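Here the structure comes first, spelled out in structure tokens, and everything after it is commentary.
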Ligand code: PAF
């Protein structure tokens with residue numbers, strides 16, 4: 001049973017209010033941890049908050065469904081929005097401040113800046129979701145400027161996103177420590193995602209196949225099956241399940257996230273996948 005720590009949580013809607021409050025709290029209370037989200041929270045998000053809570057005196061979360069990172073308008077429209085439930089969950093894990101800006105608050109004028117993340121934009125998610133990482137980079141930069149956190153928490157499930165944030169922090173000299181937390185899975189192995197609620201019951205039953213096939217592929221690679229062969233075998237497994245459409249399945253080097261044709265040293269291999277299951281796009285990865 002989770003431990004409930006119901007307490008006061010300040011809900012703020014403007015950047016100015018957040019800036020004023022966090023500046024004061026940082027002075028008075030010490031370290032500030034930040035968990036940016038798009039809401040529709042699940043256990044994976046709550047773990048990020050718990051981790052932030054254990055390492056900082058103040059925890060700020062944001063909920064903002066960022067239009068700039070959706071390359072598909074239908075995906076944006078269908079993105080689950082569950083603010084009331086989310087606020088309750090955040091309260092239950094001890095979040096101190098919740099920032100819920102409107103689109104006008106974040107983008108008062110049309111966005112006319114582009115951040116080019118180079119190679120990272122051309123592989124995997126970058127290749128399949130043009131403009132996505134530009135939108136992520138911009139919103140996270142804006143949120144860092146508003147919240148001014150000491151540490152920021154992201155899940156390993158969005159592995160390429162963590163590389164984008166690393167690049168943002170390094171290139172723009174943000175005084176923010178990036179904390180990456182392990183992917184939280186359902187008991188049947190499915191990686192938790194806000195999109196899982198959009199799966200039909202039949203699709204939900206099939207969804208754990210993603211983790212099963214990834215795990216099998218990882219074990220095959222560890223037994224020295226050539227990379228090309230192991231990937232082909234895994235793709236063939238997906239092809240046997242007509243509900244799935246694989247967008248990519250790649251072994252990547254964790255340092256660059258570019259495709260690796262041979263196994264790297266322990267800890268430097270990322271097996272990454274994106275599939276469509278019905279109308280829902282799901283991603284997952286294993287680092288080993
Ligand atoms: O991972 C997400 O939910 C989003 O990409 C983020 C980091 C909150 C930026 O909108």
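The values are calculated or read from the model by the stated rules, or taken from the named source; none is laboratory data. In this text, all values refer to a predicted model and were calculated from it rather than measured experimentally. Neighbour counts run over all protein chains shown; Cβ positions are idealised from the backbone, glycine included.
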With (1) crowded, with 19+ Cβ neighbours inside 10 Å; (2) in a helix (DSSP H, G or I); (3) within 14 Å of the ligand (Cβ to nearest atom) as the list, and residue 169 as the residue in question, which single condition is left unmet? (1)
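Quick test for you: out of 261, 284, 253, pick the one residue that is more than 29 Å from residue 198 (Cβ to Cβ) and within 23 Å of the chain's Cα centre (by Cα).
On the way: 261 fails: within 23 Å of the chain's Cα centre (by Cα); 284 fails: more than 29 Å from residue 198 (Cβ to Cβ).
Unique residue meeting the criteria: 253.
Where in segment 1-94 are there helices (runs of 4 or more DSSP H), lying wholly inside it, with at least 1 residues that are touching a helix residue (DSSP H, G or I) at 6+ places or on another chain (Cβ under 7 Å) and crowded, with 18+ Cβ neighbours inside 10 Å?
Details: elements: 15-29, 43-55, 73-78, 83-92.
Qualifying helices (runs of 4 or more DSSP H): 15-29, 43-55, 83-92.
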Residue check: is residue 148 surrounded by 14 or more Cβ atoms within 10 Å (Cβ to Cβ) and over 19 Å from the mean Cα position of the chain (by Cα)? yes
Given the conditions (1) farther than 18 Å from residue 19 by Cα; (2) surrounded by fewer than 19 Cβ atoms within 10 Å (Cβ to Cβ); (3) modelled with pLDDT of 95 or more; (4) out of contact with any strand residue (DSSP E or B) (no Cβ under 8 Å at 6 or more places or on another chain), and given that residue 103 satisfies all but one, which numbered condition is not satisfied? (1)
Determine, yes or no, whether residue 54 is away from the ligand (no atom under 16 Å from the Cβ), without any contact (Cβ under 8 Å) to a residue 24 or more places away in the chain and under 24 Å from residue 181 (Cβ atoms). yes
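Looking only at strands (runs of 3 or more DSSP E) that lie completely in segment 172-288, which have at least 1 residues being without any contact (Cβ under 8 Å) to a residue 24 or more places away in the chain? Give the steps one after another, and end with the answer.
Working: elements: 177-181, 244-253, 269-277, 280-287.
Per the criteria, 244-253.
Given the condition within 16 Å of the ligand (Cβ to nearest atom) and within 12 Å of residue 99 (Cβ to Cβ), answer yes or no: does some residue in segment 10-18 qualify?
First pass over segment 10-18, keeping only residues within 16 Å of the ligand (Cβ to nearest atom): 15, 18.
So of that shortlist, the ones also within 12 Å of residue 99 (Cβ to Cβ) come out as 15, 18.
Within segment 10-18 (the criterion being within 16 Å of the ligand (Cβ to nearest atom) and within 12 Å of residue 99 (Cβ to Cβ)), the answer is yes, since at least one residue qualifies.
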Some residue of segment 214-224 being farther than 17 Å from residue 268 by Cα, surrounded by 16 or more Cβ atoms within 10 Å (Cβ to Cβ) and at pLDDT 95 or above: no
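Please work out if residue 256 is modelled with pLDDT under 95, surrounded by fewer than 19 Cβ atoms within 10 Å (Cβ to Cβ) and either touching a helix residue (DSSP H, G or I) at 6+ places or on another chain (Cβ under 9 Å) or closer than 30 Å to residue 146 by Cβ (or both). Before you say what the answer is, go through the steps one by one.
Working: modelled with pLDDT under 95: yes; surrounded by fewer than 19 Cβ atoms within 10 Å (Cβ to Cβ): yes; either touching a helix residue (DSSP H, G or I) at 6+ places or on another chain (Cβ under 9 Å) or closer than 30 Å to residue 146 by Cβ (or both): yes.
Taking the combined requirement at face value, the residue satisfies it.
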